[in-house]
Amino acid sequence: SKQVVPQKKEKDQVIRYFISYAHDDEIDQKKLCKLLKQRLDSYNGYHFKAWDDSEILTGENWRDQISNALSCCQFGLLLVSPAFLASKFIKENELPIFVGGDLRDPTKQRKAIPVALLHLSENLDLKGLQNKQIFYYRHGKVQKSFNECKTRTDQIAFSDKLFDQIAEIVKKANRGGL
C-alpha cells in the first residue's frame with residue numbers, strides 16, 4: 001500500500017529548525033528525528049523544515065553551510081548527550097547561537113529546545129543549558145532520555161510528548177509573532 005503524505009498548503013507558515021547533535025549519537029538521532037518528522041509534517045498550519053549536517057554536499061564549505069543554516073533557523077533542536085557536551089565544535093559554534101534565544105526575534109539568539117538524547121549525569125557541565133528545561137519523557141515519576149526508551153512504544157511516546165512541547169512553543173511564540 002502506498003503511504004499517504006499530507007500535502008502542505010501554500011499558506012502554511014514555514015518554521016526552520018537546526019538539529020544539533022554529536023556524530024557519536026547518530027543512530028539515536030536518526031531514530032528520534034524520523035519519529036518527530038512524521039509528527040511535525042502533519043502539524044496543521046505549519047511546514048517544518050529541518051536542517052542537519054547531512055545536507056552538506058561533497059566539496060561545499062561545511063563551516064559556511066552550518067553558519068548559514070544557523071542564521072536561517074528559528075530554533076535549535078539540541079540533542080543533548082555526554083558526547084554533545086564534550087564536542088568542542090558544538091560548544092564554540094552552535095551553543096552560543098542557542099543559549100538565551102528568542103523565537104520571536106530572529107535577529108537575536110535562537111530559541112533552544114534541548115532534548116535528553118542520552119542519560120545526563122548531574123555531574124556533567126551543561127555548557128549554558130543548566131538554566132534551560134531539558135526535555136525528558138516523563139511517565140509517572142520516571143523520566144527517561146530517548147536512548148533509555150527501549151521499546152518502540154516508549155520511543156513513540158517520547159516523540160509524541162516532544163512534538164506536543166514544540167507545538168506549545170510555536171503557539172506561544174506566535175502570540176507575539178513568529
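The criterion of being modelled with pLDDT of 90 or more, open to solvent by 20 Å² or more (accessible area, probe 1.4 Å), of a type outside the set (S, T, N, Q) and closer than 18 Å to residue 147 by Cβ holds for residue 23.
If you filter region 110-161 down to residues that are open to solvent by 50 Å² or more (accessible area, probe 1.4 Å) and closer than 15 Å to residue 20 by Cα, you find that the one that is farthest from the chain's Cα centre (by Cα) is 127.
The set of residues in region 65-87 that are aliphatic (A, V, I, L, M) and either in contact with a Gly (Cβ under 7 Å, 6 or more places away or on another chain) or open to solvent by less than 70 Å² (accessible area, probe 1.4 Å) (or both) comprises 66, 69, 70, 77, 78, 79, 80, 83, 85.
Applying a threshold of 6 Å to beta carbon distances and a minimum spacing of six or more residues, or different chains, the list of pairs starting in region 54-73 at a residue that is under 20 Å from residue 92 (Cβ atoms) and among the β-branched types (Val, Ile, Thr) and ending at one that is open to solvent by 90 Å² or more (accessible area, probe 1.4 Å) and part of a helix (DSSP H, G or I) reads 56/62. The set of residues in region 48-64 being open to solvent by less than 60 Å² (accessible area, probe 1.4 Å) and either over 19 Å from residue 30 (Cα atoms) or assigned to a loop (DSSP other than H, G, I, E, B) (or both) consists of 52, 56.
The values are calculated or read from the model by the stated rules, or taken from the named source; none is laboratory data. This one's a predicted model, so the numbers in the text were calculated from it and none came from an experiment. Glycine also receives a Cβ, built like all others from the backbone with ideal geometry; neighbour counts cover every protein chain displayed. In case anyone asks, the SASA skips ligands and DNA or RNA and just uses the protein heavy atoms, side chains included. Shrake-Rupley method; radii C 1.70, N 1.55, O 1.52, S 1.80 Å.
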